[in-house]
Amino acid sequence: MKTIICRHCDMVSNIPHLPINYVAKCCRCGGALYKNTKCRPSVLLALSLTALLVMIPAFYFPLISVNLLGITEDTNLLQGALMMLDSTPVVSVVVFFCAVIAPTLLISCIAFSSLCLTYNYFPASIPKVLQLTHSLMHWSMLEVYMVSLMVAVFKLMSYSDLYFGSGFYFFITLLLLDMTIISNYSNHAYWERYINGK
Ligand SMILES: [Zn+2]
């Protein structure tokens, strides 16, 4: 029987046979060991390529327009993340990393590994890409950016007129694609496909 090491407490456990979409948990710390998802790299390849295309308008098109005292100002996601660069550079860099760099890298890594597994091509860089994908999972925070954006919108509504730009709808689409990709992706299943196919 194959074994797995818990990444939370380092306990070694046997991998039980799990039905699809069930999660095995560590018997010592209760942390998730792995999720048995149906490995479908071709579906994830299509979804991640779509997400990469949607990212361009989601990041560059106007997210919201603010009309205050007759002056209208548009802001897109990139401008929003870098707006605080002068006053609070650390916050600005963290927001830029979590809302732009990490999601872009994460989706690119999933697209690359899905492309390789779909066409049974196993280059030496796949282990590094799978490790990077696992690390980036914790840093991709598009949903946190969405929540903070909605809080800002509700606060500003009482002071000015707000209009959602086309970038907002692309951002919602990107968020839904991102959540679908992450919920269907299994790093464990990709490692298994790589080891068995190599
Ligand atoms: Zn554990």
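The values are calculated or read from the model by the stated rules, or taken from the named source; none is laboratory data. It should be emphasised that the depicted structure is a prediction, and the values quoted were computed from it without experimental measurement. Every residue, glycine among them, receives a Cβ derived from its backbone with ideal geometry; neighbour counts consider all protein chains shown. Remember, those area values only see protein heavy atoms, side chains included, never the ligands or the DNA or RNA. Shrake-Rupley method; radii C 1.70, N 1.55, O 1.52, S 1.80 Å.
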**Message:** Tell me the per residue accessible area of the chain using a 1.4 Å probe; a whole number in Å² is fine.
**Reply:** 58 Å²
**Request:** Return the long-range amide H neighbours of Tyr34 (sequence gap of 5 or more, or a different chain), with a cut-off of under 5 Å between placed amide H atoms.
**Result:** Ala24
**Request:** Rounded to whole Å and sorted largest first, list the principal axis extents of the Cα atoms in segment 39-197.
**Result:** 64, 29, 20
**Across the chain: Cys residues that no other cysteine approaches within a C-beta distance under 4.7 Å** = Cys27, Cys39, Cys98, Cys109, Cys116
**Asked** How big is the convex hull of the Cα atoms of segment 34-106, per residue, in Å³?
**Response** 128 Å³
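Assign unit charges at the C-beta atoms only (+1 for Lys and Arg, -1 for Asp and Glu), then state the dipole size of segment 39-197 relative to its Cα centre in Debye, rounded to the nearest 20.
The calculated dipole for segment 39-197 is roughly 480 debye.
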**Request:** Take the solvent-accessible surface of the protein heavy atoms, probe 1.4 Å, and return the percent of it on segment 71-172 that carbon and sulfur atoms account for.
**Result:** 71 percent
**Met83 paired with Glu143, simple spin-label distance in nm, labels 7 Å along Cα-to-beta-carbon** = 2.4 nm
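What's the ranking of 20-32, 126-138 by average number of surrounding C-beta atoms within 10 Å, highest first? Don't jump to the answer; show the numbers that get you there.
Details: 20-32: 12.4, 126-138: 15.6.
For the peptides 20-32, 126-138, the packing ranking is 126-138, 20-32.
Taking 19 Å as the cut-off for C-alpha to C-alpha distance, list the pairs among Lys128/Lys198; Lys2/Lys128; Lys2/Lys35 that go past it. Could you put the intermediate results ahead of the total?
Details: Lys128/Lys198 15 Å; Lys2/Lys128 22 Å; Lys2/Lys35 15 Å.
Beyond 19 Å between Cα atoms: Lys2/Lys128.
Report Rg/Rh for segment 134-189, rounded to two decimals, where Rg is the Cα radius of gyration and Rh the Kirkwood radius. Mind showing how you got there, number by number?
Details: Rg = 14.8 Å, Rh = 13.3 Å.
Expressed as Rg/Rh, it is 1.11.
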**Item:** Using a Förster distance of 22 Å, the FRET efficiency for Phe122-Leu52 (Cβ separation, nearest 0.05)
**Value:** 0.45
**Those residues of segment 138-180 whose amide nitrogen sits under 18 Å from the label point placed on Leu69, 7 Å along Cα→Cβ** = 156-162
**Prompt:** Kyte-Doolittle mean at least 0.0 and Cα extent at least 18 Å along the axis: which DSSP H helices of the chain qualify?
**Reply:** 41-60, 102-118, 142-156, 166-184
**Asked** Which of the aspartates and glutamates could a cross-linker bridge to Lys38, judged by Cα under 15 Å and excluding same-chain residues fewer than eight apart?
**Response** Glu192
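So how much slack lies between Met150 and Ser135, counting 0.36 nm per residue of separation and subtracting their Cα-Cα distance, in nm?
On the way: separation 15, 0.36 × 15 = 5.40 nm, distance 2.74 nm.
Extra length from Met150 to Ser135 when fully extended: 2.7 nm.
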**Message:** Could you compute the net charge surrounding Cys26? Neighbours are other residues with a C-beta less than 14 Å from the C-beta of Cys26; K and R count +1, D and E count -1.
**Reply:** +3
